[in-house]
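> The structure that follows is given in the form of structure tokens.
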Amino acid sequence: MSAVAPKKYREPILLLTAKGGSSDKVLGLDAGADDYVVKPCTVEELGAQIRALLRRQQPTGTPLLECGALRLNPGTCKVTYGEQEIPLSAKEYRLLELFLRQPQRIFSSSLILEHLWAFGDAPSEETIRTHIKRLRRKLKSAGAEDLIETVYGMGYRLKPLPADTPLTDQARAATIALWSQFKTPCLERIATLTQVVVALEAGQLSEAVRHQAEVAAHNLVGSLGMFGFSTASHLSREIEHCLQAIEEASLPALKALITSLNQELQQSPQPIDDSDWQASLADAIAQQVQHLPQPGEMDAAAVIPKRSQSAVTVLAVDDDPLLLDALSRFLPAWGIQLTPLNDARQVLTTLQTAVPDLLILDVEMPYVDGVCLCQQIRSDRTWNGLPILFLTARTDTQTIQRLYHAGADDYVAKPFSESEIIIRIFNRLQRNRLLRSLGTSG
């Protein structure tokens, strides 16, 4: 009689222990536990931890998530590399799934804590390092080496593959059609850059012309990236930096950058590969949003938000009309009523009339610094609980730290995909609802 292999246990494991030292916690997590509660504890605390683990289980039925030979099946919770199955704990599985669902994003330790742990029970950053180390070790043992990359000073991400996966003809055609509507204003911005060259050659460059060109270059970083012109977006960033300290000696470099930018835009736009996001969007929103439950309904069954839901209101503030136009095109389809605003000086007045559920800001805007504006809103008792999401091309560590210090809830780096910003908006709304629920229940 042949022995029957034991069925692998894939449910969360919670340690209830009196050993609360750092080494004990690391030992428990390394052994495969997903979380821990230190004794003595109340029945209420233990119950809350158990409910938090159960809430964080991934809905089944979603498509495969892949990165090269690595595959994660959300329906079966099975992870394989080639033909070899990789046994993961529930927390390791969720961590890998997070990277696979957002392969181009860098996750700081605080963001990982936010996504994988419920509010109020997040452990230390040492726990994140332990899980990353353990996940890397298991991937390496299966032959999947160096898949998780450490970005110094910022966090972790899935290491990009050498070549991009081909996109469908439908996605490419849709991007080309959209680019045809935005191409003219983008070329007008490049003409603004050329004016600097002409003025500098004539020795008549004014501060107004230089500043106008710098703003145009900054806006091109995000708008060109939205259409998959990654090289053009990078060139625009270099032009912006060049314009910040422009002088006659830097004229040849500026001319070469603008020439290269024009050459890049002669190519067809390459849409951002958003297939995994689009295919799993409804399930991801269901996991994070749970249909924006009302206070007292936090344990209700998850309901996937439909495009016909009653609208939530979002106020988006950005000096780039192309970005506001793009948001206006796809946010309403997801039940989000958008109030676009291109003058940051009118934010406080518009807040009173629009009464938004969430505010979107940019970092750099004319007249008003977005970070200072965020601080001002946080100091207002009327709006200090309003979720604030930044859309920014500034992703350096110093800027991101400024955002969070000013009171921002989250940020999305430009260029962004439709699916990413939709999920991030609903995620912030859900967490804000949770905070209000906890406040009223207390």
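Bear in mind that the values in this text are calculations on the coordinates, not laboratory data. In this text, all values refer to a predicted model and were calculated from it rather than measured experimentally. Virtual Cβ from ideal backbone geometry, glycine too; neighbours counted across all protein chains shown.
> Amide H to amide H, which residues 5 or more places from A316 or on other chains are under 5 Å from it, using H placed in the peptide plane?
Placed amide hydrogens put T339, L341, I360 under 5 Å from A316.
> Most exposed first by the Cβ proxy, i.e. fewest other Cβ within 10 Å, how do V368, V79 rank?
Sorted ascending by nearby Cβ count, the order is V368, V79.
> Subtract the Cα-Cα distance of D343 and Q398 from 0.36 nm times their separation in residues, and report this length gain in nm to one decimal.
Answer, rounded to one decimal: 17.3 nm.
> Efficiency by 1/(1 + (r/R0)^6): what FRET value for Q266 and L64, r their Cβ-Cβ distance, R0 = 30 Å, to the nearest 0.05?
Calculated transfer efficiency: 0.25.
> Could you list V314, V197 in order of exposure, starting from the residue whose Cβ has the fewest other Cβ atoms within 10 Å?
By the 10 Å Cβ count, ascending: V197, V314.
> Each residue of the range 362-373 in order: what ³J(HN,Hα) in whole Hz does its phi give by Karplus 6.51 cos²θ - 1.76 cosθ + 1.60, θ = phi - 60°, with x for Gly and Pro?
Here the 3J(HN,Hα) series is 9, 6, 9, 9, x, 6, 10, 7, x, 5, 5, 5 Hz.
> Something else about it: With a Förster radius of 35 Å, plug the Cβ-Cβ distance of S180 and A253 into 1/(1 + (r/R0)^6) and report the FRET value to the nearest 0.05. Before the final figure, lay out each step's value.
Details: r = 31 Å, r/R0 = 0.89.
Plugging the Cβ-Cβ distance into 1/(1 + (r/R0)^6) gives 0.65.
> What order do you get for Y411, Y404, Y367 when you list them from fewest to most C-beta neighbours inside 10 Å?
Y367, Y404, Y411
> Would you mind putting 136-143, 243-250 in packing order, based on average other-beta-carbon counts within 10 Å, highest first?
So the peptides 136-143, 243-250, ranked by packing, come out 136-143, 243-250.
> Among P387, G370, T350, whose Cα sits farthest toward the positive end of the charge dipole of the range 335-407 (+1 at Cβ of Lys/Arg, -1 at Cβ of Asp/Glu, about the Cα centre)?
Of P387, G370, T350, it is P387.
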